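Taking it in order: structure first as structure tokens, then the write-up.
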Amino acid sequence: MAELYDRYSALVYAVALRVLTDTGAAEDVLQEVFMQLWRHPASFDARRGSLGPWLAVIARHRAIDVLRKRRPQTDLEDVVITIEANLEDNAERARALEKVRTSLRAMPDNQRKTLEMAFFEGMTHSEIAAQTGEPLGTVKTRIRAALMALRRALNPGSSSGLGTV
Amino acid sequence: MTGHEQFAEDLTLYALGSLEGDAVDVVERHLEECAACRQELARLEGEMALLALTTAGPSPPQRARQRLLKAIGREPRSLRTVLTRRRWWTLAPLFASLVLAVFGILLWRENVRQRDRIEALRADAASNQATFEEAKHLLALLTDPSAMHVTLVAAQSKPQPAGKAIYMPGNGALVFMASNLAPLRPAKTYELWLMPMHGEKPVPAATFKPDPHGNAMVMMPPMTAGIEARTFAVTIEPEGGSATPTMPMVLAGS
């Protein structure tokens, strides 16, 4: 566990801190995520994704639970991740993350801001609509469009998932 | 249109945890029976994982590591406390089974952990090995005293002192190679300077002495990261180096 902690703690802490903007609360999330992994090691299935991205997603879910002062909403076993890039390969991982950053930079400001409010600030779409004064439907469409832009950047020529945007 | 399209936006919000109210139940019921939407959810989670991986920030404090390891260390003790409240011999068979079970779980847990770790390390090791081999060959070439150092100059001109600095401001990495340097007088040394971009005080990078052929090399001296360089220069200084360069400059280049 110490080795896993040394390898992934910075990532888990960074994600939790970005969401919570509070070092103490971020430390609590860090502790909880690794304790969960220790108590339920089988909840992570290596066949369903790499450990780093899985921990990043779990950390974000837990941080948002803390932000909303609610019990954990997501079972570890339920988090299944599909990533086409091989993130164990350092070069491929760096390329994928650069594509994400480039895609974020290329987004219209309001689209990127809406995605950040939902992703990093853990706001619901109705909270975002209330804060920005945008119609609910616009916020939903904007979040979907942002993630589809991300998908196209990662996999040029890929479809936009289940529906049209 | 397919039957899933109506879920596209809600599924995105569900993956983000931004969906509220009855819509959450509707999506979860649909996910139970729809493999395509489960697949789409996994893909969305993957894209959000990559988004999360772009997050950078300070490392967690050292106390967080100690706190975790302490908490892990405490876990098995609570089990022992419960068992000692009863007369131990009445629990002997149960105790033996528990020991075996705990031992089995520990072995299995260790196995899972090691398997994941080995997979990650194997990929890292292959990549690191290739980089290491390349760096080793380069370093051997640069530092081997028997390697030929040839400075090419305009034909029919006398070789002049020359130097080449390779510098990355982002991490302060610096390599400097010089040739045709004049021998130094006793108690003197050459010193390499970095002249910052915005006119700040010159930064001493390293002191060095050339070999009998006038060649010298400085590799990765300790430098503060993030200094933009305008010019590199070499001066002759008293043994041990100086805090400010003594004119004239022997070499300089921008």
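All of the numbers you see were taken from the coordinates with simple rules; none came from a lab. These numbers were taken from a predicted model, which means no experiment stands behind them. Glycine also receives a Cβ, built like all others from the backbone with ideal geometry; neighbour counts cover every protein chain displayed.
Listed here are the pairs B:K164/B:K209; A:K99/B:K136; B:K136/B:K201; which of them are more than 26 Å apart at the Cα? From B:K164/B:K209; A:K99/B:K136; B:K136/B:K201, over 26 Å: A:K99/B:K136; B:K136/B:K201. In the protein assembly as shown, with Lys and Arg counted as +1 and Asp and Glu as -1 at Cβ, which of these residues, B:L181, A:I81, A:M107, has the Cα nearest the positive end of the dipole, that is, farthest along it? The Cα lying farthest towards the positive end belongs to B:L181. When a/c is below 1.5 the answer is rounded, else prolate if a/b is larger than b/c, else oblate, so apply that to region B:106-254 with a ≥ b ≥ c taken from the square roots of the Cα gyration tensor eigenvalues. Because a/c hits 1.5 or more and a/b exceeds b/c, region B:106-254 counts as prolate.
Between B:S157 and B:D144, what length comes free when the chain is fully extended (0.36 nm per residue of separation minus the Cα-Cα distance, one decimal in nm)? Could you put the intermediate results ahead of the total?
On the way: separation 13, 0.36 × 13 = 4.68 nm, distance 2.79 nm.
Result: 1.9 nm gained on full extension.
For chain B, the longest principal axis of the Cα atoms and the long axis of helix B:35-53 meet at an angle of about 40 degrees.
Could you give the dipole magnitude of the protein assembly as shown about its Cα centre, charging the beta-carbon of Lys and Arg +1 and that of Asp and Glu -1, in debye to the nearest 20? Kindly include the intermediate steps, with their values, before the conclusion.
Numbers: 49 positive and 47 negative charges, 252 e Å.
Computed about the Cα centre, the dipole is about 1220 debye.
Between the residues B:V250, B:P196, B:A126, the greatest Cα displacement towards the positive end of the dipole of region B:120-254, with unit charges on the Cβ of Lys, Arg, Asp and Glu, is found for B:V250. Note that chain B shows a convex hull volume over its alpha carbon atoms of 351 Å³ per residue.
Per-residue ellipticity at 222 nm computed for chain A from its helices equals -21500 deg cm²/dmol, with DSSP H segments shorter than 4 residues left out and the rest contributing -39,500 (n - 2.57). Specify the angular offset, from 0 to 90 degrees and rounded to the nearest 10, of the alpha carbon long axis of helix B:22-33 from the longest principal axis of the alpha carbons in chain B. So the helix axis and the longest Cα principal axis differ by about 90 degrees. In a simple Cβ point-charge model (Lys, Arg +1; Asp, Glu -1; nothing else charged), chain B has a dipole of about 1840 debye relative to its Cα centre. Where the alpha-carbon atoms of region A:90-154 are placed on the principal axes, they occupy 41, 19, 15 Å, in descending order.
How high is the FRET efficiency between B:R230 and A:E121 when r is their beta carbon distance and R₀ equals 30 Å, given to the nearest 0.05?
Numbers: r = 42 Å, r/R0 = 1.39.
FRET efficiency, B:R230 to A:E121: 0.10.
Here the simple spin-label model places points 7 Å from the Cα toward Cβ, and for A:Q131 and B:R29 these points are separated by 3.1 nm. Test of understanding: in a Gaussian network model of chain A with alpha carbons linked when under 10 Å, which of A:G122, A:G52, A:G133 would top the mean-square fluctuation ranking? With Cα springs under 10 Å in chain A, the top fluctuation among A:G122, A:G52, A:G133 is at A:G133. On full extension, the segment bounded by B:M197 and B:I72 gains 39.9 nm, given 0.36 nm per residue less the C-alpha separation.
Report, in order of residue number, the helices in chain A meeting two criteria: a C-alpha extent of 18 Å or more along the helix axis, and a mean Kyte-Doolittle hydropathy of at least -1.0; treat each whole DSSP H run as one helix.
Numbers: long enough: A:2-20 (25 Å, 0.75); A:23-39 (24 Å, 0.02); A:51-67 (24 Å, 0.92); A:90-106 (24 Å, -0.88); A:136-154 (28 Å, 0.49).
Qualifying helices, which must be both long enough and hydrophobic enough, are A:2-20, A:23-39, A:51-67, A:90-106, A:136-154.
Cβ-to-Cβ counts within 10 Å put B:L44, B:L121, B:L107 in ascending order as B:L107, B:L121, B:L44, the fewest first.
Grouping the Cα pair distances of the protein assembly as shown into 10 Å bins from zero gives a pair-distance distribution of 4, 16, 21, 17, 15, 13, 9, 4, 1, 0, 0 percent in increasing distance order.
Summary value for chain A: 18 percent relative contact order, contacts being C-alpha pairs under 8 angstrom separated by 6+ residues. Springs join every pair of Cα atoms under 10 Å in this Gaussian network model of chain B, and among B:A15, B:A101, B:A182 the largest mean-square fluctuation is at B:A15. Listed by Cβ neighbour count within 10 Å, with the fewest neighbours leading, B:S18, B:S146, A:S103 appear as B:S146, A:S103, B:S18.
Against the main long axis of the alpha-carbon atoms of chain B, helix B:62-84 sits at an angle near 30°.
Placing +1 at every Lys and Arg Cβ and -1 at every Asp and Glu Cβ, with all other atoms neutral, what dipole size does chain A have around its Cα centre, in debye to the nearest 20?
On the way: 23 positive and 21 negative charges, 119 e Å.
Once rounded to the nearest 20, the dipole reads 580 debye.
Take every pair of alpha-carbon atoms less than 8 Å apart whose residues are at least six positions apart; their mean separation over the length of chain B yields a relative contact order of 12 percent. Taking each residue as 0.36 nm, the span from B:M217 to B:K164 lengthens on full extension beyond its C-alpha to C-alpha distance by 18.1 nm.
Toward the positive end of the charge dipole of chain B, about the Cα centre and with charges on Cβ (Lys, Arg +1; Asp, Glu -1), which of B:H30, B:L16, B:P60 goes farthest? In chain B, that residue is B:P60. Exposure proxy for B:K158, A:K113: other Cβ atoms within 10 Å of each Cβ, ordered fewest to most, give B:K158, A:K113.
For chain B, what does -39500 (n - 2.57) per DSSP helix run (n ≥ 4), summed and divided by total residues, give at 222 nm, in deg cm²/dmol to the nearest 500? Provide the component values of the computation, followed by the final result.
On the way: 5 runs with 115 residues, N = 254.
My calculation for chain B gives -16000 deg cm²/dmol from helical runs alone.
Over the C-alpha trace of chain A, radius of gyration and Dmax come out as 16.6, 48 angstrom.
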